[in-house]
Amino acid sequence: QAQLVESGGGLVQPGGSLRLSCTFSRTIFDGFHMAWYRRAPGKERELVASILRGSTSYVDSVKGRFNISRDNANTLSLQMNNLKPEDTADYYCNQKPPLSDRWGQGTQVTVSS
């Protein structure tokens, strides 16, 4: 069973930056549509960004601030700049559409002064 492990979260002030990483236990083949999701307190999980063969897409609320990339065959990253309090959430990586048995523990991002 392939495992996804997210890391890189933390507490950051508004306007700050974080880089999240997702390590995959198998090679993330270029043909896999991979994505970052987040779930804010009291809200449903939402798709934040996705990447397929170098083509990326983002939810409107993070466009121009977040960048998704494949660092190597086993790592997916999310560079988050100019963070806002509304970005506070647990962040997860998964395929798109997500596989129900692949959700990891996520990494918590808190944006607060």
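Between Arg102 and Gln79, full extension at 0.36 nm per residue minus the direct alpha carbon distance yields a gain of 6.1 nm.
Using C-alpha pairs below 8 Å separated by at least 6 residues, the relative contact order for the stretch 1-56 is 26 percent. Rounded to whole numbers, the Karplus 3J(HN,Hα) couplings from phi for the stretch 35-40 are 8, 10, 10, 8, 10, 7 Hz, using 6.51 cos²θ - 1.76 cosθ + 1.60 with θ = phi - 60°, and x at Gly and Pro.
R0 = 25 Å: FRET efficiency of Ser7 with Ser112, Cβ-based, nearest 0.05? Each step should come with its number before you reach the end.
Values: r = 20 Å, r/R0 = 0.80.
After rounding to 0.05, the efficiency reads 0.80.
Once both labels are positioned 7 Å from their Cα atoms along Cα-to-Cβ, the gap between Asp60 and Glu86 label points is 1.0 nm. Annotation: amide H-H contacts under 5 Å for Gly16 (H modelled 1.01 Å from N, sequence separation of 5 or more, or interchain): Leu83.
Along the stretch 96-105 the Karplus relation, 6.51 cos²θ - 1.76 cosθ + 1.60 evaluated at θ = phi - 60°, assigns HN-Hα couplings of 10, x, x, 8, 4, 9, 10, 5, x, 6 Hz to successive residues, with x for each Gly and Pro. Here the Kirkwood formula, the inverse mean of 1/r across different C-alpha pairs, assigns the stretch 1-67 a hydrodynamic radius of 13.7 Å.
Carbon-plus-sulfur accessible fraction, the chain (probe radius 1.4 Å, protein heavy atoms only): 46%.
For the chain, what is the relative contact order in percent, using Cα pairs closer than 8 Å and at least 6 residues apart in sequence? Walk me through the intermediate numbers first.
Details: 266 pairs, mean separation 42.1, N = 113.
Normalised by residue count, the contact order of the chain is 37 percent.
The values are calculated or read from the model by the stated rules, or taken from the named source; none is laboratory data. Every value quoted in this text rests on a predicted model; they were computed, and no experiment measured them. Backbone-built Cβ (ideal geometry, glycine too); neighbour counts: all protein chains shown. Side chains included, ligands, DNA and RNA excluded: accessible areas come from the protein's heavy atoms. Shrake-Rupley method; radii C 1.70, N 1.55, O 1.52, S 1.80 Å.
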